[in-house]
Amino acid sequence: MRKQGRKWQAILVIGLVLVMGLAEVASAAEKIVIGALYPMTGRAGRYGIDSVSAAEIAMNEINAKGGVNGRMIDIIFNDSKANPAYSIKVAKRYITEDKVNFLMGVVSSAAGLAVTEVSKENKVIFVGTDHASTALTTEKFQPYYFRVSNNTYQSAAAAALYAKDKKEWKKYYVIGPDYEYGHRTWEDFWMLLGRQRKDVQLVGQAWPKLFEPDYTPYITAILNAKPDVLVTTFWGGDTVAFIKQALPYKLFDKMKFYNYDGGGNYELLEAMPKGLPKGLVLSARHHLNWPDTKQNRDFVANFKAKTGRYPSYAAEGAYAGVYFIAEGVRQAGTAEDPDKLVAAMENLKLKLPEDPEGFTSYMRPIDHQIVQVQAIGETVPNKKFPPATMMLGNWKVFKAEEIIPSVAEIEAARKAVKK
Amino acid sequence: MDGSLLVAQLISGLTSAMTLFLVASGLTLIFGVVNVFNFAHGSFYLLGAYFAYQVVAVSGVNFWAGVLLAALGAGAAGMLMEYFFLRRIYGRAGEAGFQILLTYSFILIIDDVVKMIWGTDYKSISKPEILSGPFSFGEVTMPRYDLVVIVIGLAVAFGMWAAIKKTRFGRNLRAISSNREMASSLGVNVPLTLSLVFGLATALGGLSGALSAPVRTVTPGAGIEVIIGSLIVVVIGGLGNFWGALVGALVIGEVTAFGILFLPQWAILFSYAVMALVLIFRPEGLLMKRGAVG
């Protein structure tokens with residue numbers, strides 16, 4: 001075949017770098033304008049698309065009842081990609097050109113950390129709805145930021161409480177994507193579990209790259225280590241690929257599979273109508289079938305009616321975000337004075353689809369992090385939400401106050417950064 | 001650590017290698033004959049996976065017929081891309097730059113088209129029932145399906161070699177590869193051959209995607225991971241060298257598999273480290289003759 005030169009090798013390497021860049025994004029005065037930042041493309045696109053639909057549902061519900069203080073809500077959408085630099089650009093344009101009253105959204109934590117800086121500089125309130133890095137509410141906290149979905153600390157704390165009572169879970173193995181989210185989700189859990197159990201042991205860990213297509217070599221290594229529990233911090237398609245590839249090795253008969261932050265997302269249950277094993281221990285930030293309240297049933301049914309599909313967990317976060325802004329404006333009596341809004345929003349209570357009977361989500365002034373109940377379940381046969389044939393069940397529910405970092409812990413984390 | 005584990009790891013590395021090889025061999029074939037570096041090659045893997053989903057899971061066709069149809073479909077899409085787009089930039093001054101832009105933009109286009117047609121949720125297809133379980137000999141257990149993938153990969157490697165060496169079509173390929181004008185003046189239908197090569201190569205990418213659909217994530221963007229792996233493979237093996245793609249794929253598959261076994265925290269480093277070493281000490285690739293560079 002043709003002989004070719006170093007020039008081609010150079011072009012090839014440039015191209016490789018290029019390709020890797022893809023892998024990983026009425027008049028204004030009367031309306032309350034929310035600038036929404038959601039990715040519509042790439043692997044996180046599903047979360048963005050679901051978030052936009054849910055935000056529209058919330059907006060229509062509020063506007064149908066006459067809006068807030070006589071003003072209608074308007075949301076403008078723009079593909080923010082999952083990319084920090086691009087998200088900053090969109091957020092700045094929203095503020096200077098579209099004169100938005102609020103910023104809302106962002107799926108990627110890296111992008112969230114970038115947008116919170118824009119919010120701080122411009123004193124425009126930013127309501128985070130899906131990104132989960134604890135840093136935004138602790139060491140990178142700024143007063144104009146609020147988050148209305150659970151962060152990774154809360155899922156990890158609930159997971160540690162769940163694992164604490166499993167006396168037979170002694171040998172742990174962890175596998176997760178090799179970036180901030182994958183590591184942080186695990187480290188918080190392992191630190192919290194270590195405080196309560198002295199007899200647990202880490203027998204191995206592996207950190208494949210995010211979106212790794214082939215986990216087979218990892219699976220044989222995990223089997224060889226013979227753990228009691230396999231913790232995974234994968235999300236989305238990576239969980240699907242891992243499970244598919246582990247099935248023929250009968251991995252799920254040999255150890256418990258535990259994914260407590262993103263594993264219980266409906267997109268996973270839906271992706272494997274055949275073959276998803278029973279007894280996987282999973283959770284997510286919102287569940288279609290828990291809590292079984294009228295509000296949650298209505299939310300899921302309305303989403304299905306509007307889009308023809310069931311929502312992934314990001315949707316409920318965006319729905320909460322719009323209601324949070326509306327309620328903040330109603331109580332502050334303004335959408336223009338950021339400091340009055342902060343004062344109102346800091347103490348807001350909001351009944352959300354993911355709140356069980358007798359509990360109402362509320363904002364904590366110290367970190368502007370919403371405080372919510374977390375439920376962890378196991379996969380059980382359930383055909384009420386097709387095409388999924390397994391849903392979560394056998395729930396264990398963890399009280400909101402038991403899974404948040406204490407005020408002292410937050411202050412210590414912030415102090416450590418300032419030094 | 002016992003022997004059976006080493007064998008199991010060897011086999012899982014071999015499976016990864018074969019999936020990579022099917023994509024990388026097409027990439028290297030296109031480069032060697034058509035002289036185009038097709039960055040969009042991973043997107044034909046993606047198309048193969050979605051075509052297989054459409055034919056097998058939606059229309060209910062037999063699995064193997066579906067895989068074959070998916071490969072043919074990806075090949076047809078590749079020929080369309082070659083005929084309507086790439087053909088316009090052959091021989092243009094600064095062709096390499098146009099190639100990067102054009103093929104790179106096809107990554108984005110194909111991703112978006114896939115998303116428009118099939119949406120963003122993860123798709124699944126089932127393996128044939130008989131292949132869904134494990135296969136055991138002695139202490140070693142592995143998925144039966146993986147075994148089939150290995151056999152298919154080796155069969156394709158042998159078939160391609162035979163086709164290039166022994167058939168009239170293969171002779172034409174080699175002629176075009178060494179001198180396109182000369183081949184043309186000797187009566188080889190060059191444009192047709194180039195289209196066919198492009199179709200064959202993209203069909204191999206599609207075959208890889210279709211075979212991977214039951215065990216991997218079928219989602220827009222899945223082509224990106226594959227093209228990155230294949231680029232590393234062809235850099236290691238030598239661009240344009242068919243056996244280089246096989247050797248490169250085997251090296252990457254096994255280095256990664258054993259890296260995971262011994263140093264799992266560092267696993268993703270290994271394939272890049274091997275590529276860096278090859279670029280430093282043998283920038284023309286392992287299987288290219290020295291002095292071929294220049």
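Numerical summary
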{"read-out": "Rg and Dmax of segment B:3-281, Cα atoms only, in Å", "value": "18.8, 60"}
{"read-out": "Proportion of all alpha-carbon pairs of segment A:31-104 beyond 21 Å (%)", "value": "29"}
{"read-out": "Test item: Cα-centred dipole of segment A:230-365, Lys/Arg +1 and Asp/Glu -1 on Cβ, debye", "value": "640"}
{"read-out": "Shielding by partners - mean other protein chain Cβ count within 10 Å, residues of B:29-38", "value": "2"}
{"read-out": "Computed Kirkwood radius, in angstrom, where 1/r is averaged over Cα pairs of chain A", "value": "22.3"}
{"read-out": "Simple label model, 7 Å out from Cα along Cβ direction - A:ASN224 to A:VAL13, nm", "value": "3.3"}
{"read-out": "Kirkwood-based shape ratio for segment B:82-178, expressed as Rg/Rh from alpha carbons", "value": "1.14"}
{"read-out": "Cα-based shape type of segment A:326-419, given that a ≥ b ≥ c are square roots of the gyration tensor eigenvalues and the cut on a/c is 1.5", "value": "oblate"}
{"read-out": "Cβ neighbours within 10 Å from other chains - mean over A:246-252", "value": "4"}
{"read-out": "MRE, 222 nm, helices only [DSSP H, n ≥ 4, -39500 (n - 2.57), over chain B, to nearest 500]", "value": "-23000 deg cm²/dmol"}
{"read-out": "Dimensions in Å of the protein assembly as shown - Rg and Dmax from alpha carbons", "value": "26.8, 85"}
{"read-out": "Cleavage-rule hits, GluC sites (Glu not before Pro), segment B:109-217, DSSP coil, Cβ neighbours within 10 Å at most 12", "value": "B:GLU139"}
{"read-out": "Exercise: per-residue mean of other protein chain Cβ atoms within 10 Å, B:217-230", "value": "6"}
{"read-out": "Nearby aspartates and glutamates by direct alpha-carbon distance to A:LYS383 (threshold 20 angstrom, same-chain neighbours under 8 apart not counted)", "value": "A:GLU267, A:GLU270, A:ASP292, A:ASP298, B:ASP121"}
{"read-out": "Partner lysines for A:LYS167 [C-alpha distance under 26 Å; skip if fewer than 8 residues away on the same chain]", "value": "A:LYS198, A:LYS226, A:LYS250, A:LYS254, A:LYS256, A:LYS278, A:LYS396, A:LYS399"}
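We did not get these values from a lab; they are worked out from the coordinates using the rules stated. Fair warning: this is a prediction, and the values are worked out from it, not measured in the lab. Note that we place each Cβ from the backbone using ideal geometry, even for glycine, and neighbour counts take in every protein chain shown.
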